[in-house]
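Q: If you scroll down you'll find the structure; I have some questions about it.
The values are calculated or read from the model by the stated rules, or taken from the named source; none is laboratory data. A quick note: this is a predicted structure, and the numbers were derived from the prediction, not measured. Every residue, glycine as well, gets a Cβ built from its backbone with ideal geometry; the counts of neighbours run over all protein chains shown. SASA here: full protein model, heavy atoms, side chains in, ligands and nucleic acids out. Shrake-Rupley method; radii C 1.70, N 1.55, O 1.52, S 1.80 Å.
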Amino acid sequence: MPVINRIAEFHADMTAWRHDIHAHPELAYEEHRTADLVAAKLEEFGIAVHRGLGGTGVVGTLKGRGEGDRAIGLRADMDALPMPEANGFAHASTTPGKMHACGHDGHTTMLLGAARYLAETRNFDGTVHFIFQPAEEGKAGARAMIEQGLFQTFPMERVFGMHNWPDLPPGTMAVHPGPVMAAADQFTITVEGRGSHAAMPHLGVDPVLVAAHIVTAAQSLVSRGTDPQDAAVVSVTWVQAGTTFNVIPNEALLHGTIRTFRPETRARIHEQFARLASSVAQGFGATARVEIRPGYPPTVNAEAEATIAAEVAARVVGAANVTWNPPPSMGAEDFGYMLHEKPGAYVWLGQGGSALGCTLHNPHYDFNDEMLPVGASYWATLVETVLPRS
C-alpha cells in the first residue's frame, strides 16, 4: 500500500500549512499561533479539541465508525529553535532569531494531514488522540503534558511518535526495536582554587589547570569505565574562567552533557564523575563541586509496537525501504517520557539533506515537502492497522 490517494490529493494543502507554520516559528511554550492553527484545522475536520495541557498543547480526539473502547495516541511536536534562518525562500522565518530547524513544522503538518483523512473515512474501531505537543526542544513539553493529566484525561493503550531524519534517503523509514535516542543530562563543575598573579603561579592554586585535567580525565569514564558495547558520551562544551590575561582566577566552571542509553550506565557515570572531579581537584590542592541536572530519559521503543510500526512502514514505503534496528542516535527526545508511561514506538522518516547538505539544527534546514503525504499516510495506516474494524 503506497501513499494514500486521498492524502495525495490534498498534498498542496499540507504544503501550505507547513509553509505557514515555518514562516511563523514559535519557541517552547510560546506556540500560541501554531496551537490556534492546529485547533482550527482539527475543528474544521470535525474533531473534538482540548487545549491547555502543557500550556500550549492541543489534543484532538476522534472516534471511529465501529464500536470499541480501545484508544491510541499519535504525537507531533510544534516548537521551533532560538536560531537565525539562513534561507531565502518565500516561506523563510519572519521572526528574527527563531526558525523551524528541526522539522517540527513538518511533524505538525503530517499529523494534521492524517487527522483530516481519518476524520473523513473513520475506517477504524475505537479512538485516536492526536497529541500536538509544545516545548520538545529542551523544555520537556511531553513531561508537562503528562504531569497535567494527558494519560488520565485521554486514556490510551499505546502512543506513537515520528521524527524526520535527513541522514536517510527520502521515502525510507527506520524503526528500532529498543533504544532510539539517548538520555541527555547536563552538568556544571565548579573548580575552586586560589587566585594569584599570572607571573607568580606558585603563590596560588590554578583552577584553569585543574579544570583542564578534569576535562581530560572525564573521557576515561567512557573509554575505560564503560563497556565498549554500551554507548555513552561525556562532552565538556563550555569553559568559563578568568577576566583578564595576567590574573590566575579563583574559580573555573565546566559545563557539558552526559548521554547514555542504559539506566545503570547513566547512574554509574553520574556517581563516578563526581568522585573523579573531586579527586583530581584534591590532588592539586583545589576543590571541585559537581552538579548534574537530569534531562530527558532515553527514548526506548517497545519491541511489539516497533514491529507493528515497521510492518505499517513497509506497507507505505515498501519493505526494501524500511531499515530495522539501525544504530540509535545519541541525540535526545522528550517523547521518552511518554514511552516511559505507555508502550509505543518512535520512528524515523527519511527526507534526505537539502542541496546545501544541511542537517537538523542547521540554519539552512528545511523540511522536505514531498514527504508530507508519506508521513501522513504512515499515521493513517497505523491507526487503521492498530484499531481495525471488527
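Q: Dipole size in debye (nearest 20) for region 309-390 around its Cα centre, Lys and Arg Cβ +1, Asp and Glu Cβ -1?
A: The calculation lands at about 260 debye.
Q: In degrees from 0 to 90, rounded to the nearest 10, what is the angle of the helix 372-386 Cα long axis to the longest principal axis of the chain?
A: Roughly 70 degrees between the two axes.
Q: Angle between the Cα long axis of helix 32-44 and the longest principal axis of the chain, 0 to 90 degrees, nearest 10?
A: 20 degrees
Q: Where Rh denotes the Kirkwood radius from the mean inverse Cα pair distance, what is Rg over Rh for region 107-179?
A: Working: Rg = 14.6 Å, Rh = 14.8 Å.
Using Cα coordinates only, the ratio equals 0.98.
Q: With everything on Cα atoms, drop me the angle between helix 263-283 and the longest principal axis of the chain, reported from 0 to 90° to the nearest 10.
A: The two axes meet at around 20 degrees.
Q: If you restrict to DSSP beta bridges whose two residues both lie in the chain, what percentage is antiparallel, to the nearest 5?
A: Numbers: 45 of 68 bridges.
Percent antiparallel among DSSP bridges in the chain is about 65.
Q: Cα centroids of region 297-371 and region 152-179: how far apart, whole angstrom?
A: When both Cα centres are located, 5 Å separates them.
Q: For the chain, what is the convex hull volume of its Cα atoms per residue in Å³? Please report the intermediate quantities before stating the final value.
A: Values: hull volume 57.3 nm³, N = 390.
It is 147 Å³ per residue.
Q: Run a plain Debye calculation on region 224-308 (Cα atoms as equal point scatterers, no solvent) and give log10 I(q)/I(0) at q = 0.15 Å⁻¹, rounded to two decimals, same order as the q list.
A: Rounded to two decimals, the profile gives -0.72.
Q: Here is a further query. Would you calculate the separation in nanometres between label points at residue 9 and residue 240, each defined as 7 Å from the Cα along the Cα-to-beta-carbon direction?
A: 5.8 nm
Q: Continuing with this model, one more query. Give me the percent of accessible area attributable to carbon and sulfur for region 83-180, probe 1.4 angstrom. If you can, show how the numbers build up before the last one.
A: On the way: 1510 of 2920 Å².
Roughly 52 percent, rounded to a whole number.
Q: Quick check on region 338-390: take the gyration tensor over C-alpha atoms, sort the square-rooted eigenvalues as a ≥ b ≥ c, and tell me if it's rounded (a/c under 1.5), prolate or oblate.
A: Details: a/c = 4.57, a/b = 1.84, b/c = 2.48.
Taking the square roots of the gyration eigenvalues as a ≥ b ≥ c, region 338-390 is oblate.
Q: GNM on the chain, C-alpha springs below 10 Å: top fluctuator among 332, 281, 101?
A: 281
Q: Which residue, 148, 351, 229, has the most motion in a Gaussian network model of the chain that connects Cα atoms within less than 10 Å?
A: Taking springs between Cα atoms under 10 Å, the residue moving most is 229.
Q: In addition: Within straight cross-link reach of residue 98, meaning Cα distance under 18 Å, which lysines are found once same-chain residues fewer than 8 apart are removed?
A: 139
Q: Compute the accessible area per residue over the chain, keeping the other protein chains in place, probe 1.4 Å, unit Å². Mind showing how you got there, number by number?
A: Working: 15990 Å² over 390 residues.
That works out to 41 Å² per residue.
Q: Run the 1.4 Å probe and let me know the accessible area of residue 264, rounded to the nearest 10 Å².
A: Counting only protein heavy atoms, residue 264 exposes about 100 Å² to solvent.
Q: Under 18 Å Cα to Cα from residue 63, which lysines show up? Leave out anything in the same chain fewer than 8 places away.
A: Partners within reach: 41.
Q: Most mobile of 280, 234, 316 per a Gaussian network model of the chain (Cα springs, under 10 Å)?
A: So, out of 280, 234, 316, the one fluctuating most is 280.
Q: Quick one: if you stick a label point 7 Å off each Cα along the C-beta vector at residue 224 and residue 199, how many nm between them?
A: 3.9 nm
Q: Which of the three applies to region 1-70, rounded, prolate or oblate, going by the alpha-carbon gyration tensor with a ≥ b ≥ c and a/c under 1.5 meaning rounded?
A: oblate
Q: Using the Cα gyration tensor of region 1-146, with a ≥ b ≥ c the square roots of its eigenvalues, what is the shape: rounded (a/c below 1.5), prolate (a/b larger than b/c) or oblate (neither)? Working shown, then result.
A: Numbers: a/c = 2.42, a/b = 1.44, b/c = 1.68.
Judged from the Cα gyration tensor, region 1-146 comes out oblate (a/c at least 1.5, b/c at or above a/b).
Q: On to the next question. Under the definition of Cα pairs under 8 Å and six or more residues apart, what whole-number percent is the relative contact order of the chain? Walk me through the numbers on the way to the answer.
A: Values: 901 pairs, mean separation 97.4, N = 390.
The normalised contact order for the chain reaches 25 percent.
Q: Then there is this: Express in Å², to the nearest 10, the accessible area of residue 156 obtained by rolling a 1.4 Å probe over the protein heavy atoms while all chains stay in place.
A: Near enough 10 Å² of accessible area.
Q: Students sometimes get this wrong: rank 303, 137 by accessible area, probe 1.4 Å, all chains present, largest first.
A: On the way: 303 115, 137 40 Å².
Of 303, 137, the descending order of accessible area is 303, 137.
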